[in-house]
Amino acid sequence: MAVVFKRPHALRDVPMHYCPGCTHGIIHRLIAEVLDELDIEGKTIGVSPVGCTYNNYEYFNCDMQQAAHGRAPAVATGIKRVHPDKVVFTYQGDGDLAAIGTAEIVHAATRGEKITTIFVNNAIYGMTSGQMAPTTLINQVTTTTPYGRKPELHGYPIRVCELLSTLDGAVFVERVSMHDIKNIMNAKKAIKKAFQVQIAGKGFSIVEVLSTCPTNWGKSPDEALKWLKDNMIPMYPLGNFKGKDLEV
Amino acid sequence: MGEKLLMKGNEVIAEAALRAGCRCYFGYPITPQTEIAHYLAKKMPQVGGTFIQAESEIAAINMVYGAAGAGARVMTSSSSPGISLKQEGISYISGAELPAVIVNIVRCGPGLGGILPAQCDYFQAVKGGGHGDYKMVVLAPSSVQELYELTVEAFNIADRYRILTMIMGDGILGQMMETVEFRDEEEIIKVDKDWATTGTEMKRDHNTITSIYINPEVLEKHNQKLQAKYRKIEENEVRVETFNCDGADIIVAAYGTVARIIKNVIKMAEKEGIKVGLIRPITLWPFPVAAFEKYSEVPKAFLSVELNAGQMVEDVRLAVNGKRPVYFHGRMGGMLPTQKEILDKIKEIVKGD
Amino acid sequence: MARVTFIEERCKGCKLCTTVCPKKIVIMRTDKLNQKGFHPAGVDEMDKCIGCAFCATICPDCVIEVEK
């Protein structure tokens, strides 16, 4: 018998600190599988955000930098400009990318920086225990919307893929999800394509990954997946917004 | 020495950076330093370098973080309000021990303040405007020639100690033109940046650039390591000019543009039989404590003259350590002290008994 | 045939693997605890395993290795 599934080399053999059932772990593995399959671990540099994954530089075997909250796209810009032949990615949450880091992601995209952003949208601030995020849904209860998010008080959720797809520099924009096996496999395809778009030097690529937060959603891991499917997907429709047919 | 040119201060800083091997500049427009960006926007492409006008000073300083962490010689520049925006990035760069150069062409504040020259960012630069116990080496040129020499030196200091090094000028220095004599070749120190994120090429364990150490024992050790580095810099990197201090009746402390005014005041005072000395810190950090200690019992008093409400005067008092009174005279809002008003203050102090 | 092995010390007892197995053979070992105090997942009826790796795909912690 042959091994058909095991930890990818690009993912360090260390336990990860994420809560039980948190889909960050899956996303990390998918990225590492892509680095292995494209054989680019040795020439990749990743950027960790601030948030639950603030130290995911300890989980990847490629070189990594940890960035101030929201600034990963700027840090990645600096790295890529110094090493245009290397592959550079940022891993960011919804607070990091769509709240404090909105300017950085918009301008990295509009500059067409040849970097890849993996944007994990779980509609809440995990690390700081459950506050509202820019992607928190209307009526969703969080520690800072205890009566549910109300537009007249807390504004509306931000659809990042739709927002960024209006920018010419963003050449590959896709939203995927973790809520079942088919979608996890589809997410890996999108992540792989995004990295290939970067390697082909086409421009800025981003994959938005709908993800769960069992702890702060107050749900069991599989209930959380169901909640994601029933509540987040209507607000954040899955699919490719740009670059589906790009030759890579 | 090589070429001699008449050049604007800001452009000399940019030219010096190129000569020091800087191939990465991230900036943002703000008066009175934007010529640095104009110059590098033209020149960087000619030398295969990178110039980006970032979306904000915050983005620019974080691009510096990334590029420095990737092993490049990198610079950013701004003026007071922009430097305030960069403070978080400065703290991260200091925590991650990344070598880089940052230029502050100071303008009057606070808030939007004005666009005229000032020295009101002294505390922010030397006491730390960002969070945490960190230091930047802060160099204070007082001529266009020094803008050139100290900018080149800043890159060497940054690489030698893996520390952020600031050139702190003011609007006058940035905007004025003076002759500058360039060397044919620059002395660029070579350091092995094996810690940089250049890609493992599958030949080494991964490098990580970070400033977070969640374990307190580890973070305290990290801080102790930073403090040891700062002590070493205090021993080795102080730069100061002392002028006319032996037997001086009064010693003035002044840096940058103000030090030039003082040199004229010294001549005027001589005619009136008053010997005025000058101690001109060139490194604002590490502060030239020894120079003040050496002369601490020579004059009747010390006088700190600055373009602010009194900032460096505190460090002069610390250095003089109570041995002599330390007076202060300053102007704000972009106003400059006249030679006469400084001389009057000196006379008041010297003849004040 | 196929086989799955569980690195039990890495399991956090999130049960996601048990929800996707087409053969319903992935179970939680409630009779034991790993060092972190979780009941690790596991498979007893290994003969029924078809090596589809669904369990491994959804596992956030790379607990499961699959052979076929």
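The values are calculated or read from the model by the stated rules, or taken from the named source; none is laboratory data. Keep in mind that this is a model prediction, so the values were computed, not measured. FYI the Cβ positions are ideal-geometry reconstructions off the backbone, even for glycines, and counts take in every protein chain you see. Surface areas here come from the heavy atoms of the whole protein model, side chains and all, with no ligands, DNA or RNA. Shrake-Rupley method; radii C 1.70, N 1.55, O 1.52, S 1.80 Å.
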Compute the separation of the alpha-carbon centres of the range B:15-86 and the range A:184-248 and state it in Å as a whole number. 35
Can you tell me how much longer the chain between A:ASP230 and A:THR128 gets when fully stretched, taken as 0.36 nm per residue apart minus their C-alpha distance, in nm with one decimal? 34.2 nm
Zone of B:GLU178 (label point 7 Å along Cα→Cβ, backbone N under 20 Å): which residues in the range B:1-31? B:1-20
Residue with peak Gaussian network fluctuation, chain B [Cα springs, cutoff 10 Å], from B:TYR327, B:TYR148, B:TYR25: B:TYR327
Given 10 Å bins starting at zero, what is the percent of C-alpha pairs of the range A:24-242 in each, up to the one with the largest pair distance? 9, 37, 38, 14, 2
Based solely on its DSSP helices, what 222 nm [θ] is calculated for chain B when runs of n ≥ 4 H residues each add -39,500 (n - 2.57) and the sum is averaged over all residues, nearest 500 deg cm²/dmol? -12000 deg cm²/dmol
In degrees, nearest 10, range 0 to 90: what is the angle between the Cα axis of helix B:256-271 and the longest Cα principal axis of chain B? 20
Among the listed pairs B:LYS229/B:LYS345; A:LYS114/B:LYS42; A:LYS192/B:LYS225; B:LYS127/B:LYS263; A:LYS150/C:LYS24, which are separated by more than 31 Å between their Cα atoms? B:LYS229/B:LYS345; A:LYS192/B:LYS225; A:LYS150/C:LYS24
Could you tell me, in Å, what Rg and Dmax come out for the Cα atoms of chain C? 10.8, 32
How large is the accessible surface of B:GLU3 in square angstrom, using a 1.4 angstrom probe and rounding to the nearest 10? 100
Top to bottom by accessible area (1.4 Å), largest first, where do C:GLU45, B:GLU185, B:GLU35, A:GLU104 land? B:GLU185, C:GLU45, B:GLU35, A:GLU104
Across peptide C:7-17, how many C-beta atoms of other chains are within 10 Å of each residue C-beta, on average? 5
Looking at chain B as a GNM with Cα springs under 10 Å, which of B:ARG19, B:ARG324, B:ARG162 has the largest mean-square fluctuation? B:ARG324
Which peptide among A:20-31, B:105-116 comes first, and what is the full order, when sorted by highest mean count of other Cβ atoms within 10 Å? A:20-31, B:105-116
How tilted is helix A:24-37 with respect to the longest principal axis of chain A? Cα atoms for both, answer in degrees (0 to 90, nearest 10). 20
Could you pull the accessible area for B:TRP195 with a 1.4 Å probe, rounded to 10 Å²? 40
Too-long pairs where the Cα-Cα distance tops 19 Å, listed order kept, from A:LYS182/A:LYS219; B:LYS232/B:LYS323; A:LYS189/A:LYS244; B:LYS271/B:LYS340; A:LYS189/A:LYS242; A:LYS188/A:LYS219: A:LYS182/A:LYS219; B:LYS232/B:LYS323; A:LYS188/A:LYS219
Given the C-alpha centroids of the range B:149-216 and the range A:31-98, what is the distance between them in whole angstrom? 23
Simple SL model, points at 7 angstrom along Cα→Cβ for B:LYS203 and A:VAL141; separation in nm is 5.8
Sticking with the crude label model, points 7 Å out along Cα→Cβ, report the distance from B:LEU6 to B:LYS42 in nm, one decimal please. 1.7
Would you mind giving the mean number of other chain beta-carbons within 10 Å of the Cβ of each residue in B:192-199, as a whole number? 5
Pairwise FRET efficiency - B:TRP195 versus C:LYS23, Cβ, R0 = 45 Å, nearest 0.05: 0.35
Please report the orientation-averaged projected area of chain B, defined via the convex hull of its C-alpha atoms, in nm². 19.0
Can you give the charge dipole size of the range B:241-351 about its Cα centre, rounded to the nearest 20 debye, using +1 on the beta carbon of Lys and Arg and -1 on the beta carbon of Asp and Glu? 220
Helix B:144-161 versus the longest principal axis of chain B: what is the Cα-based angle in degrees, 0 to 90, to the nearest 10? 50
By DSSP, what percent of the beta bridges with both residues in the protein assembly as shown are antiparallel, rounded to the nearest 5? 30
The range A:92-111 scanned against label point 7 Å out from A:LEU246 along Cα→C-beta; backbone N under 13 Å for A:109-111
Within 10 Å of each Cβ in B:204-215, the average number of Cβ atoms from other chains: 6
With labels modelled as points extended 7 Å from the Cα through the Cβ direction, what inter-label distance (nm, one decimal) is found for B:LYS294 paired with C:LYS32? 7.4
What is the local net charge at C:HIS39, summed over the other residues whose Cβ is closer than 12 Å to its Cβ (Lys, Arg +1; Asp, Glu -1)? +3
If you roll a 1.4 angstrom probe over the protein chains with everything in place, what fraction of the accessible area of the range B:241-351 belongs to carbon and sulfur, to the nearest %? 53
For a bin width of 20 Å, list the pair-distance distribution of the protein assembly as shown built from all Cα-Cα distances, rounded to whole %. 18, 43, 26, 11, 2, 0
